[in-house]
Amino acid sequence: MKYTVVFHRNEDGISVSVPGLPGCWSEGDTEEEALRNIQDAIQDYLAGIQDLSAELETYEIDIAA
């Protein structure tokens, strides 16, 4: 899967958010570190969603872009 990430640069480093996953944030001192960290954050976020919906009736659908 591909997700769009947004860099938020300031004097303390780089924060990264994922607009498609509300509340999914990470940070790093460099762009490379921030990208590695947000990949971990996305995996954790998706695992949490899966855990929360494990006992619910769910479906996957395709959306044409």
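According to the Kirkwood relation over distinct C-alpha pairs, the hydrodynamic radius of the chain is 13.2 Å.
Derived scalar couplings between HN and Hα for the range 16-24 equal 10, 10, 10, x, x, 10, x, x, 8 Hz in order, rounded to whole Hz, by the Karplus curve 6.51 cos²θ - 1.76 cosθ + 1.60 (θ = phi - 60°), x for Gly and Pro.
Under a point-charge model restricted to the Cβ atoms of Lys and Arg (+1) and Asp and Glu (-1), what is the dipole moment magnitude of the chain relative to its Cα centre, in debye to the nearest 20? Don't skip to the answer; put the middle values down first.
Values: 3 positive and 14 negative charges, 46 e Å.
Roughly 220 debye for the chain.
Across the range 3-14, computed HN-Hα scalar couplings (Karplus, 6.51 cos²θ - 1.76 cosθ + 1.60, θ = phi - 60°) run 10, 7, 10, 10, 8, 10, 8, 8, 5, 8, x, 10 Hz from first to last residue, x flagging Gly and Pro.
What chymotrypsin sites (Phe, Trp or Tyr not before Pro) does the chain have in DSSP loop regions with at most 12 other beta carbons within 10 Å? Please report the intermediate quantities before stating the final value.
On the way: sites: 3, 7, 25, 45, 59; in loops: 3, 59.
Answer in residue order: 59.
Angle, helix 31-52 long axis vs. longest principal axis of the chain, Cα atoms, 0 to 90°, nearest 10? Helix 31-52 sits at roughly 20 degrees to that axis. Please list the non-local residues whose amide H lies under 5 Å from the amide H of residue 27, H modeled 1.01 Å from N, same-chain partners needing a gap of 5 or more. Answer set, sorted by chain and number: 16. In a fully extended conformation the segment linking residue 3 and residue 57 would gain 16.9 nm over its present Cα-Cα distance, using 0.36 nm per residue.
Each reported figure results from applying straightforward, stated rules to the coordinates on display, with no laboratory input. No experiment lies behind these values; they were computed from the predicted model shown. FYI the Cβ positions are ideal-geometry reconstructions off the backbone, even for glycines, and counts take in every protein chain you see.
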